[in-house]
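Working notes, structure below.
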Amino acid sequence: MGLKTTGRVAIGIVDSGYGFEPSPPVGVDRVIASQAFRFDQGVILAPVINDQLGHGSALLEVIAEQAPLAEFAIAQIFTERLTTTPVQVAAAIDWLVEQQVDLINLSLGLRNDRDILGVACENAIKAGVIICASSPAKGDPVYPSAYPGVFRMTGDARCTGPAQLSCLKTQYADFGGYVKARNGVIGASAGCAQLTGHIGRYLSAGGATDLNSVSHWLETQADYFGVEVRFPPGSKEQRSGGQ
């Protein structure tokens, strides 16, 4: 039986957990389910421990601030390092689907495609779960963001605060968000979490859950469109703001 009994939007986070010292992240009181997934010649379920890396805590805070009415299910796959396996990520996704989450944040990217991960994402999408995954702004694709139906989210330096986002629609990424969070988390991980938070707020307000509607809503909220263009320091384009 899943966790969802309140009618609130439930957001799943696959990361390093929560409860990073010295102070707990915003939203920790709204975590209503958690499970750790360890890898030891296969995935084993284990007790959740405090976030040792601060990565998951920072992302929980980002998403919770953007979506103040949401509740959370936390799947812990990172402990001492930000390394994982496709089977761990797949198991975490499957568990979150069982918890009846509406939305999953995956601020991670694996270089190699694996059937078990692709099937987990496909099953989640078929169940009506929206998946946001980190993607590089440029470069080779990573997984799960490269799978069909997964929102490819990244960071965009043009966004000067959490309220801003960009509509990219490039071969690399769909949307970009503010690149900074606490605990030193920056880049695509933070940007992905910001966008997950935006979607969580949209769903909490009764927004339609199909991917086209979510994508259209994000586009209407965008402050910037198209790829981020960087000019050499002191260039005419930089001094004029690229106009």
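The values are calculated or read from the model by the stated rules, or taken from the named source; none is laboratory data. The structure presented is a predicted model; accordingly, all values stated were derived computationally and were not measured. Positions of Cβ are generated from backbone atoms using ideal geometry, with glycine treated the same way; all protein chains shown enter the neighbour counts. Quick note on the areas: whole protein, heavy atoms, side chains included, nothing else; ligands and nucleic acids left out. Shrake-Rupley method; radii C 1.70, N 1.55, O 1.52, S 1.80 Å.
Look through Q41, Q100, Q52 and report the one residue that is without any contact (Cβ under 8 Å) to a residue 12 or more places away in the chain and polar (S, T, N, Q). Before you say what the answer is, go through the steps one by one.
Working: Q100 fails: without any contact (Cβ under 8 Å) to a residue 12 or more places away in the chain; Q52 fails: without any contact (Cβ under 8 Å) to a residue 12 or more places away in the chain.
Just one listed residue meets the conditions, Q41.
Could you check, for the stretch 189-202, whether at least one of its residues is farther than 25 Å from I93 by Cα and open to solvent by less than 10 Å² (accessible area, probe 1.4 Å)? Before the answer, list the steps.
Step one: of the stretch 189-202, the residues farther than 25 Å from I93 by Cα are none.
Among the residues of the stretch 189-202, not one is farther than 25 Å from I93 by Cα and open to solvent by less than 10 Å² (accessible area, probe 1.4 Å), which makes the answer no.
Can you tell me which residues in the stretch 136-182 are among the acidic types (D, E) and more than 19 Å from A222 (Cβ to Cβ)?
Our first condition is that a residue be among the acidic types (D, E); within the stretch 136-182, this holds for 140, 156, 174.
Residue satisfying the conditions is D140 alone.
Of the residues in the stretch 175-189, how many are out of contact with any strand residue (DSSP E or B) (no Cβ under 6 Å at 6 or more places or on another chain) and without any contact (Cβ under 8 Å) to a residue 24 or more places away in the chain?
Residues of the stretch 175-189 out of contact with any strand residue (DSSP E or B) (no Cβ under 6 Å at 6 or more places or on another chain): 178, 181-185.
Then keep just the ones that are without any contact (Cβ under 8 Å) to a residue 24 or more places away in the chain; that gives 178.
So the count comes out to 1.
Taken over the stretch 67-93, the criterion of being surrounded by 18 or more Cβ atoms within 10 Å (Cβ to Cβ) and part of a helix (DSSP H, G or I) is satisfied by P86, Q88, V89, A90, A91, A92, I93. Remark: pairs (first residue in the stretch 135-147, without any contact (Cβ under 8 Å) to a residue 40 or more places away in the chain and more than 16 Å from D15 (Cβ to Cβ); second residue among the hydroxyl-bearing types (S, T, Y) and assigned to a loop (DSSP other than H, G, I, E, B); Cβ separation under 6 Å; 6+ apart in sequence or on different chains) = K138/Y172.
Does the stretch 177-191 hold any residues that are under 12 Å from C132 (Cβ atoms) and in contact with a helix residue (DSSP H, G or I) (Cβ under 6 Å, 6 or more places away or on another chain), and which are they? Spell out how you get there, then give the answer.
Of the stretch 177-191, the ones under 12 Å from C132 (Cβ atoms) are 177, 188-189, 191.
If the condition is that a residue be under 12 Å from C132 (Cβ atoms) and in contact with a helix residue (DSSP H, G or I) (Cβ under 6 Å, 6 or more places away or on another chain), then G177 is the only one that fits.
Only one of the numbered conditions (1) in contact with a His (Cβ under 8 Å, 6 or more places away or on another chain); (2) open to solvent by less than 40 Å² (accessible area, probe 1.4 Å) is not met by G118, and that is (1). Among the residues of the stretch 151-174, the one identified as without any contact (Cβ under 8 Å) to a residue 40 or more places away in the chain, open to solvent by less than 10 Å² (accessible area, probe 1.4 Å) and part of a loop (DSSP other than H, G, I, E, B) is A173. When restricted to residues that are farther than 11 Å from C159 by Cα and open to solvent by 20 Å² or more (accessible area, probe 1.4 Å), the stretch 175-188 contains 7.
Just checking, does the stretch 32-41 include any residue being assigned to a loop (DSSP other than H, G, I, E, B) and of a type in the set (F, W, Y)? No: the stretch 32-41 contains no residue that is assigned to a loop (DSSP other than H, G, I, E, B) and of a type in the set (F, W, Y).
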